[in-house]
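Computed from the coordinates by the stated procedures, all read-outs in this text should not be read as laboratory data. Here the structure is a predicted model, which is why all the values come from computation and not from measurement. Quick reminder, even Gly has a Cβ in these numbers, built from the backbone with ideal geometry, and neighbours come from all protein chains shown.
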Amino acid sequence: MFKSLKSITLGAVAAVLMAGVAHADITVYTAGPQSLIDKMSEGFTKETGIKVNVFQATTGKVMARIEAEASNPVVDVLISASWDTATDFEKRGWLVKYSSPNAAKVPDFLKSDYAVAQGISALGIAWNTKSGTPKPSEWADLTKPEYKDMVNIPDPAQSGSSFELTAALAGQDDFKLFKDLQANGAIIAGANAEALNPVLQGAKAAVFGAVDYITLAAAKKGESVEVVFPASGTVIAPRPAMILNWSKNQDEAKKFIDYMLSDAGQKMVAAQMLMPARSDVAADRPLISDLKLLKFDNAAVYGKRKETLGEVTKIFGGK
């Protein structure tokens, strides 16, 4: 091999190397919107020449795929819908330490040495304005007779953000709110999109704990739906992006994080009606400062994940 290389001109070697760089691939797994990762991948490839292989699914399906590939992992960059993923993976020693220069305007609570938020969503009540039901203002309003059999709840076993809201609210009253919801006919209705679609179609009146950006985007397109953030408080869901330490394309992965946090990348996030991670990028939606946040111990909440999900299953009959 070395003898044959001697016969190749320096220019040819350079061309081969450049071609290799231009065609480098990275694989990104994301629990975020398909349209966002598609646009971000397209922009990134156009700017860098690096191709992006994408797997987009719910948090549960993304985690299951990573577990299934444990003996031969392929993911370079992971974008989760729950910060707990970054905390867990860091403890396992699976992450690469990286601080993007474009993260300077990302608030400290939205970044660590190993992860940085792509964007942030909040949870609220998605309410169909033509449902004939009174506009809710609090979580408990959905337990009233007017909402009998008209409420969907995203499955906390499939949605990381739904789990955090469930745990935060259940910790206040030992699941009384959820028992009242079930008694009023509310059901666990799959992941976030599955819970929301019947509300958009008018078959249901509201989603308890809807991921806000999907509903906000639907409302912007003219759908008869509105997001209500209860005054008593809600939770936010920062979406951490992280580089896995088994990645063979870590330099390319770092460039992806840089692009995600660039002006162009963050404007794409805002266009999806998510809150941008960078505080200097505008968004046409409520921001963290506009919301009252519920206080809860994230580590303690996830330490009791199995028990919490077990209680939800018990209340809602195994759905």
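Modelled spin labels at A183 and W246, positioned 7 Å past Cα toward Cβ, are 4.8 nm from each other. Taking 0.36 nm per residue of separation and subtracting the Cα-Cα distance, full extension of the segment from T45 to D174 would add 41.5 nm. Springs join every pair of Cα atoms under 10 Å in this Gaussian network model of the chain, and among F229, F178, F109 the largest mean-square fluctuation is at F109.
Could you list, in their original order, any pairs among K255/K292; K105/K220; K135/K220; K148/K314; K144/K221 whose Cα atoms are separated by more than 25 Å?
Details: K255/K292 35 Å; K105/K220 27 Å; K135/K220 19 Å; K148/K314 20 Å; K144/K221 30 Å.
Violating the 25 Å limit, Cα to Cα: K255/K292; K105/K220; K144/K221.
The convex hull drawn around the Cα atoms of segment 105-263, when projected onto a plane and averaged over every direction, covers 11.2 nm².
Mean separation of Cα pairs under 8 Å and 6+ residues apart, divided by the residue count of the chain: what relative contact order is that in percent?
Relative contact order of the chain: 24 percent.
How many percent of Cα pairs in the chain exceed 25 Å?
On the way: 26521 of 50721 pairs.
In whole percent, the long-distance tail amounts to 52.
For segment 120-197, the alpha carbon positions stretch 31, 27, 20 Å along the principal axes, listed from largest to smallest. Applying a DSSP loop filter and a limit of 15 other Cβ atoms within 10 Å to the trypsin sites (Lys or Arg not before Pro) in segment 111-185 leaves K130, K148. When a/c is below 1.5 the answer is rounded, else prolate if a/b is larger than b/c, else oblate, so apply that to segment 206-319 with a ≥ b ≥ c taken from the square roots of the Cα gyration tensor eigenvalues. In terms of gyration-tensor shape, oblate. Taking each DSSP H run with n ≥ 4 as -39500 (n - 2.57) and averaging over every residue of the chain yields -12000 deg cm²/dmol at 222 nm.
Could you compute the FRET efficiency for K267 and E307, with r as their C-beta to C-beta distance and R0 at 45 Å, rounded to 0.05?
Numbers: r = 41 Å, r/R0 = 0.92.
After rounding, the FRET efficiency stands at 0.60.
For segment 198-277, applying the loop criterion from DSSP together with a ceiling of 13 other beta carbons within 10 Å to the trypsin sites (Lys or Arg not before Pro) yields K221, K248. About the centre of its Cα atoms, segment 142-291 shows a dipole size close to 180 debye [charges on the beta carbon of Lys, Arg (+1) and Asp, Glu (-1) only; nearest 20 debye].
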